[in-house]
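Remarks on the structure that follows.
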Amino acid sequence: NTKIKNNDLCCTQLFGLNDYFNDFVELYNNRKLPKVILLTGEKGIGKFTLSFHLINYFLTLNTNNPYNKTYNTINENNQVYKNILANICDNYHYISNYHNSISVEDVRNLKKKFSKTSINTLPRFTVIDDVEKLNKNSANALLKLIEEPSDFDFFILIYNKSQLLIETIKSRSLETKIFLSKQKKNEIFNNLKNFFNVNDNFVIKYKSYIGPGTLIKFINYIETLDNFEEKNFYDFSLILLDQFKKTKDKTYVEFIKLLVEVNFYNILKKNSSEILKITEVKNNIMKLLYQYQNFNLSNNAVLEYFKMYSSYVR
């Protein structure tokens with residue numbers, strides 16, 4: 001299982017996004033690929049994987065062991081793939097807000113790399129993940145970088161819709177909205193489950209609430225825990241909060257949000273007449289979790305808040 005920069009599992013086969021892939025390939029082949037692409041959609045539906053496959057396709061044309069477009073698979077023997085894994089590919093740059101905010105210095109370092117002459121004639125691709133989480137200064141630095149890209153520089157911005165995106169960045173990009181039907185999500189999840197050889201016994205009920213990629217990560221995590229099914233909501237939340245504090249990996253907070261989503265859905269099914277009250281409580285909890293991961297609230301503050309609404313979160 002390949003890990004690319006931010007510890008996300010990267011599948012060497014693309015599932016369910018073939019039409020998007022083919023549309024971008026056609027643009028590239030016709031020399032019409034936008035310099036700044038904004039991929040918008042729910043987290044975990046494959047936006048990063050799509051970008052990674054596209055870049056591998058573009059960079060391995062006319063090489064040994066090229067990308068297999070017929071089956072949408074990355075040839076693990078191609079040199080571009082190996083160089084990216086070893087973090088020595090001059091034609092691929094990845095920046096993420098996954099653990100910490102992107103700083104102005106991160107963007108300036110990228111600009112320094114661009115000022116150097118490329119050692120080959122291939123295009124250069126920069127992927128910026130969680131682009132909505134750029135702070136104002138970093139966003140301004142990025143804007144200066146993408147306003148006049150060179151002939152061989154391309155940017156792929158990944159927007160997970162966790163918060164509003166700065167409008168000036170959006171206006172300078174060509175946005176492609178990635179949407180998956182419930183059926184397509186299920187299809188992708190089943191393919192990923194087989195590809196990564198994971199067991200979904202515990203999380204089958206969560207498939208409607210989260211992107212397939214994030215759900216696979218959730219499964220991989222809970223398989224490391226003893227007696228997962230016996231843990232109550234508070235115990236499991238504490239485990240996830242502790243992991244977030246240790247790693248700053250926001251996926252652990254996303255897992256709690258997932259549990260909350262499922263919980264409130266079940267409550268609404270039984271008490272549809274109280275939809276306004278139930279929705280208000282849910283929104284307050286989601287707001288608290290956002291504040292927790294962005295403003296360093298204590299674990300105890302979150303758990304005490306949960307206990308205030310013990311009839312809703314359990």
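The values are calculated or read from the model by the stated rules, or taken from the named source; none is laboratory data. Everything numeric here is computed off the predicted structure, so don't read it as measured data. When we count neighbours, we look across all protein chains shown, and the Cβ atoms used for this are built from the backbone with ideal geometry, even at glycine. Keep in mind that these areas ignore ligands, DNA and RNA; they rest on the heavy atoms of the full protein, side chains included. Shrake-Rupley method; radii C 1.70, N 1.55, O 1.52, S 1.80 Å.
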Just tell me the longest site-free run in the chain, where the sites are GluC sites (Glu not before Pro) in a DSSP loop having at most 13 other beta-carbon atoms within 10 Å. 77-222
Which of the aspartates and glutamates could a cross-linker span from residue 245 if the Cα-Cα distance has to be under 15 Å and same-chain partners fewer than 8 positions apart are dropped? 254
Note down the relative contact order for the chain as a percent, whole number, built from C-alpha pairs under 8 angstrom at least six residues apart. 19 percent
Ignoring ligands, DNA and RNA, what percent of the accessible area of the chain is carbon or sulfur (1.4 Å)? 46 percent
Averaging sequence separations of C-alpha pairs under 8 Å and six or more residues apart, then dividing by the length of the range 126-269, give the relative contact order as a whole percent. 17 percent
For residue 187 and residue 262, what is the calculated FRET efficiency with R₀ set at 22 Å and r taken between the beta-carbons, to the nearest 0.05? 0.55
Here the gain from full extension of residue 167 to residue 79, 0.36 nm per residue of separation minus their alpha-carbon distance, amounts to 27.9 nm
Between residue 314 and residue 147, what length comes free when the chain is fully extended (0.36 nm per residue of separation minus the Cα-Cα distance, one decimal in nm)? 55.2 nm
Spherically averaged projected area in nm², based on the convex hull that wraps the Cα atoms of the chain: 17.2 nm²
Compute the FRET efficiency between residue 224 and residue 121 as 1/(1 + (r/R0)^6), taking r as their Cβ-Cβ distance and R0 = 35 Å, and round to the nearest 0.05. 0.20
I'd like the orientation of helix 18-29 relative to the chain: the angle between its Cα long axis and the longest Cα principal axis, in ° from 0 to 90, rounded to 10. 30 degrees
Estimated FRET transfer efficiency (residue 286, residue 31; beta-carbon r; R0 41 Å; 0.05): 0.40
Once the Cα gyration tensor of the range 218-306 is diagonalised, semi-axes √(5λ) in Å: 23, 17, 10
Label-point separation, residue 249 to residue 70 (7 Å along Cα→Cβ), nm: 3.8 nm
If one compares the long axis through the Cα atoms of helix 136-147 with the longest principal axis of the Cα atoms of the chain, the angle in degrees, nearest 10, works out at 30 degrees
So how far apart, in nm, are the two label points at residue 271 and residue 113 if each is 7 Å from Cα heading toward Cβ? 5.1 nm
I'd like to know how the range 96-170 sits against the 2.2 N^0.38 Å rule of thumb: what's its Cα Rg over that expected value? 1.11
